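Before any comments, here is the structure.
Please treat every number below as a calculation from the coordinates, not as lab data. Just so you know, these numbers come straight off a predicted model, no measurement behind them. A quick note on method: Cβ atoms are made from the backbone with ideal geometry, for glycine too, and the neighbour counts reach across all protein chains shown.
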Amino acid sequence: MTTVVELAHTSKQYRLSHEKARSFQEIWLGLFKGKHAAKTVEKFWALRDVSLQIKRGESVALIGPNGAGKSTALKIIARIIDPSQGMVHVQGRMSALIELGAGFHHDLTGRENIFLNGSILGFNRQEMQARFDEIVSFAELEHFIDTELKRWSVGMVMRLGFSIATSVNPDILITDEILAVGDESFQRKCLRRINTFREAGGTILFVSHDMHAVRDLCERTIWLDHGTLQMDGRTEEVVTRYLASGQDQEMSLAQQTVEV
């Protein structure tokens, strides 16, 4: 099978600034004299020397505790950020649902945002018009589509984002823990659509702390921790090892948190 996603010795480093601890007197004098606090800079590797290949038609999960590097890997694959080292290669039309509200303008209506997102994905107005009714219907937002997004709830924005991402016939669908934002009924609806996409031969890269969803959707799972690859293999084997490591203790909190 053709490789559609590849990371080769890929790393991502961030520079974190920290304010140097000072006494209350120093802080007060600094404010009075207009002096800025001394800062130190720490180099943080969010991803470190990760290599992987995903074939066309595969459904692959990325798992690991918060801060493991999962979302960083997705953002590199989606070309949202560039790696500090290594190579990334993606072949085919990609649709990424990674950050809630990404690609949306909250002063525009839902209708206007559909066409805005379409243009970002490379579709002209006529092509998005042909998909418009189906997008709105799936998201169940007929009564709100001409209202500005700043008046929408978080769940409503998520519904529209998922509907657009999965209605443009991508070759590769990338989705983060964002599905956890929706209500249970809509989550089931999303999972059914993802299953339909998978059965049609689409490639899925799925990040989740929900091991039930991982087992249901993905035949292969990649486990990351502290930015490094721990295990890559059949989902049942990887999930079993991951849960046995004790890192699942974070999951009840993590399921309520969208990892950045």
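Listing for the model above:
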item: Label-to-label distance, nm, for residues given as Arg215 and Ala8 (7 Å Cα→Cβ offset); result: 3.7 nm
item: Two-site FRET efficiency, Arg151 against Arg93, from Cβ-Cβ distance with R₀ of 41 Å, rounded to 0.05; result: 0.80
item: For the stretch 151-241: rounded, prolate or oblate by the Cα gyration tensor [a/c cutoff 1.5]; result: prolate
item: Inter-label distance for Glu199 and Val41, nm, one decimal - labels placed 7 Å from Cα along Cα-to-Cβ; result: 5.3 nm
item: Asp171 paired with Leu243, simple spin-label distance in nm, labels 7 Å along Cα-to-beta-carbon; result: 3.6 nm
